[in-house]
Amino acid sequence: MEFPVKGNGGGKPSPVYVQKATILSAEQESRDFSDLCVTMTLNIGASFTPTFRVEGKFAYDAAGEVSGIGSAFKVQALFEKLGISGTLNSTDPIPTEMLADLIGKTIWRLRYAKKVNPTTDKIVYEDYQLIQNGEWDGGEEAVLKAFNKRPPSNYHPEIVDRPAQAATTAPVTSEGVPTAPTQEQVF
């Protein structure tokens, strides 16, 4: 399966966008569903500075004790791929030195089509944060290769091919994923 990398100059939107970005700020964020979360502000060469999060939970055993890195490996990989050493653990915040070392680093940011906003009928994109060893530094091709290996379950490239709908009648699920039109919508 192939995924386009860039939009086509204002025509049909792309299901995947890859862009180079520089980290302007980085901080640990407390989130209910994550044990570790790094929130970064990025310079993407635009008039706005988007937020990019890499987060995950530790693995827990039946007694509720941390038993492994779990999905927090994404945070670990972020630091590793950017050449930042330190220690992440389940009882202390991410060391401020590690967060400060992120500032000024250049990364590749991939955003993918997630759903359609039923109110506005616009595509909602999400950041891809699954960074695997050896695939961060190889440019757009490496980022796309990692994405192709394991695309997220909420990736829906088919939404870019949907016909424009009236915002109030767009045939989407409650998650904003397109559905097949009903008989009434066909005629």
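Residues that are among the β-branched types (Val, Ile, Thr), touching a residue at least 24 places away in the same chain (Cβ under 8 Å) and touching a Gly at 6+ places or on another chain (Cβ under 6 Å) number at least 3 in none of the strands (runs of 3 or more DSSP E) confined to the range 12-58.
Here the condition is being more than 16 Å from the chain's Cα centre (by Cα) and either under 20 Å from TYR17 (Cβ atoms) or at pLDDT 90 or above (or both); of THR96, THR39, it holds for THR96 alone. Scanning the range 34-70 for residues that are under 17 Å from ASP92 (Cα atoms) and aromatic (Phe, Trp, Tyr) yields PHE58, TYR60.
Does LYS114 satisfy the criteria of being closer than 18 Å to PRO50 by Cβ, touching a Gly at 6+ places or on another chain (Cβ under 8 Å) and either at pLDDT 85 or above or not charged (D, E, K, R) (or both)? In short, yes. Taking the numbered list (1) modelled with pLDDT of 60 or more; (2) exposed (fewer than 13 other Cβ atoms within 10 Å of the Cβ); (3) of a type in the set (Val, Ile, Thr) in turn, VAL124 passes all entries but (2).
The values are calculated or read from the model by the stated rules, or taken from the named source; none is laboratory data. None of the values given here were measured: they were computed from a predicted structure. Don't worry about glycine lacking a Cβ; one is built from the backbone with ideal geometry, like all the others, and counts go over all protein chains shown.
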